[in-house]
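Reviewing the structure listed below.
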Amino acid sequence: SFSLASTAVTCFTRGLDLRKETEDVLCPANCPLWQFYVFGDGVYASLSSICGAAIHRGVITSAGGAVRVQTLPGQENYPAVNANGIQSQVLTRWASSFSVAPIKNTALEAVGRSVSTARPSTGKRPKKPLDKKAGNKDCKADIAFLIDGSYNIGQRRFNLQKNFVGKVAVMLGIGTEGPHVGVVQASEHPKIEFYLKNFTAAKEVLFAIKELGFRGGNSNTGKALKHTAQKFFSLENGARKGIPKIIVVFLDGWPSDDIEEAGIVAREFGVNVFIVSVAKPTTEELGMVQDIGFVDKAVCRNNGFFSYQMPTWFGTTKYVKPLVQKLCSHEQMLCSKTCYNSVNIGFLIDGSSSVGESNFRLVLEFISNVAKAFEISDIGSKIAAVQFTYDQRTEFSFTDYNTKEDVLSAIRNIRYMSGGTATGDAISFTTRNVFGPVKEGPNKNFLVVLTDGQSYDDVRGPAAAAQKAGITVFSVGVAWAPLDDLKDMASEPRESHTFFTREFTGLELMVPDIIRGICKDFLDSKQ
């Protein structure tokens, strides 16, 4: 009699799939208990299966039945409790919850007549409200699970690995504004199974993981890690700007190829590599391992945070939550910041009359080529330019442009001033007016001074003050610029921060060295 009022749901419908404050649902019979994801006890995180929670609570049995679901606010520390054949899981916090209660038949009779509460049974689920789709907003991450598909692991353990990855994916709280995940399978040749952009709901991801086929072959983990770092996180494949990129490498035993170079590539690309090693090599097996320290060489930082061990693929449920907590620790992702996306570079350009119009164009080209190498955006690297003679003119500041195109076009449009040379004054002006406003920001500050002659004023004092303010100074001299001046301006060690060329045409050859120098200083400052 109550079929009219109750919404029929599946074994896997979650609290967050419902749209009303209070809703009566009808759970089917014979749901497989072991497949239920339930978080909490009495009050359940909305990520939980409704029917699973109802059985856990004793409201219904596995024969199914009617359940009243009440939406509740989110809370912290949902406990794990074993009840009625279902082991619920711990969850640190979730945005919303629900409770389940039995439905008295009489109450149902009363509402059973109001047909309006019934959902059209076209099989189409109504659109979920947006916040439900958003996922766990506190966990910002773009994650590639690099799973082991080698003969080493075998079909059976491969399936256990898939189950584990599925549980991690569910607990992460995948959603449009939460974590996004994809999967790459390492075997003889790496295969990207699905990208970040393919799914934004945990359900879809779970289904995709279930469908993965075992490939076999050698576990060329190094090859797969390198491929993933280079190809997986492009914007067209769904990577998001400013969200940490993470690769979780699952390794059964040990890699059959070199993994160190892949680790270096991943760090250069700003990817945080985690290694989950299962069944570490035994003493007898160590002889077969190319490089015993393979974990330390591949992870983002060898500080213990990025490596994770499980003794076997059996009984891994308790390892899910600690791994999820690591993956959601935004502030621990030390490899997200690279020199390409975390620097401010100010160019101080000599506009004196000895330079001349055509050489001035060569200087601008040099600046463009250096700027081009960096990831310029509102949350990435920033570029500024000041031109000086006796006077100074800020061509554009760090906050004026947020895209590479805009910066390059602003550089092209700089007009040559022509006049005297007061480099010291210009350094003081730039330190105060251009670097002053970004002093408290997250980026590391660099100043590249370009001059073709002797300064009329003292450069040593202003340069020392700039360095004291946290600015690393590179000096680039052309033609008649005296080496003493250049060295006096440059940061320590002066040799690697001082550049000189006789001709303006020689600037082009210095571009890679300047970029490399900035990156080296950036990395040294992070160690």
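Structural remarks
- Scanning the stretch 394-408 for residues that are open to solvent by 10 Å² or more (accessible area, probe 1.4 Å) and either aliphatic (A, V, I, L, M) or over 37 Å from the mean Cα position of the chain (by Cα) (or both) turns up just one, Leu408.
- Scan the stretch 58-69 for residues that are in a strand (DSSP E or B), open to solvent by 50 Å² or more (accessible area, probe 1.4 Å) and in contact with a Leu (Cβ under 9 Å, 6 or more places away or on another chain) and the total you get is 0.
- Residue in the stretch 350-361 that is surrounded by 21 or more Cβ atoms within 10 Å (Cβ to Cβ) and within 30 Å of Ile243 (Cβ to Cβ) present: no
- Thr431 being open to solvent by 10 Å² or more (accessible area, probe 1.4 Å) and touching a His at 6+ places or on another chain (Cβ under 8 Å): no
- Output for the stretch 476-526, where each listed residue is touching a residue at least 60 places away in the same chain (Cβ under 8 Å), small (Gly, Ala, Ser) and surrounded by 14 or more Cβ atoms within 10 Å (Cβ to Cβ): Ala479
- Residue list for the stretch 406-419, filter: of a type in the set (Ser, Thr, Tyr) and not in a helix (DSSP H, G or I): Tyr416, Ser418
- When the test is whether a residue is open to solvent by less than 50 Å² (accessible area, probe 1.4 Å) and out of contact with any strand residue (DSSP E or B) (no Cβ under 8 Å at 6 or more places or on another chain), Pro462 passes it.
- Exactly one residue out of Lys439, Lys372, Lys382 is open to solvent by 10 Å² or more (accessible area, probe 1.4 Å), within 17 Å of Val511 (Cα to Cα) and among the basic types (Lys, Arg), and it is Lys372.
- Counting only helices (runs of 4 or more DSSP H) wholly contained in the stretch 420-527, the ones carrying 2 or more residues that are more than 39 Å from the chain's Cα centre (by Cα) occupy 423-430, 460-468, 483-489.
- Meets criteria (among the aliphatic types (A, V, I, L, M) and buried (at least 24 other Cβ atoms within 10 Å of the Cβ)) for Ile55: yes
- Filter result for Asn30 (in a loop (DSSP other than H, G, I, E, B) and at positive phi): yes
- Only one of Phe314, Phe274 that is surrounded by 14 or more Cβ atoms within 10 Å (Cβ to Cβ) and at pLDDT 80 or above: Phe274
- Considering only residues in the stretch 409-426 that are hydrophobic (A, V, I, L, M, F, W, C) and either crowded, with 20+ Cβ neighbours inside 10 Å or touching a Lys or Arg at 6+ places or on another chain (Cβ under 7 Å) (or both), the one that is nearest to Pro462 (Cα to Cα) turns out to be Ala426.
- Some residue of the stretch 244-265 being in contact with a helix residue (DSSP H, G or I) (Cβ under 9 Å, 6 or more places away or on another chain), buried (at least 23 other Cβ atoms within 10 Å of the Cβ) and of a type in the set (Phe, Trp, Tyr): yes
- The set of residues in the stretch 329-347 that are part of a loop (DSSP other than H, G, I, E, B) and open to solvent by 70 Å² or more (accessible area, probe 1.4 Å) comprises Leu334, Lys337, Tyr340.
- Residues of the stretch 347-405 classified as among the basic types (Lys, Arg) and either farther than 30 Å from Gly270 by Cβ or not assigned by the TED database to the domain that holds Glu440 (or both), total: 2
- Sole residue being modelled with pLDDT under 85, surrounded by fewer than 20 Cβ atoms within 10 Å (Cβ to Cβ), of a type in the set (A, V, I, L, M) and outside the structural domain of Leu160 (by the TED database), chosen from Leu18, Leu33, Leu72, Leu47: Leu33
Every residue, every condition in (1) more than 21 Å from Ile518 (Cα to Cα); (2) in contact with a Gly (Cβ under 8 Å, 6 or more places away or on another chain), yes or no:
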| position | (1), (2) |
| --- | --- |
| Tyr416 | yes, yes |
| Ala426 | yes, no |
| Phe429 | yes, no |
| Val438 | no, no |
| Asp457 | yes, yes |
| Thr472 | no, no |
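The values are calculated or read from the model by the stated rules, or taken from the named source; none is laboratory data. It should be emphasised that the depicted structure is a prediction, and the values quoted were computed from it without experimental measurement. Every residue, glycine among them, receives a Cβ derived from its backbone with ideal geometry; neighbour counts consider all protein chains shown. Quick note on the areas: whole protein, heavy atoms, side chains included, nothing else; ligands and nucleic acids left out. Shrake-Rupley method; radii C 1.70, N 1.55, O 1.52, S 1.80 Å.
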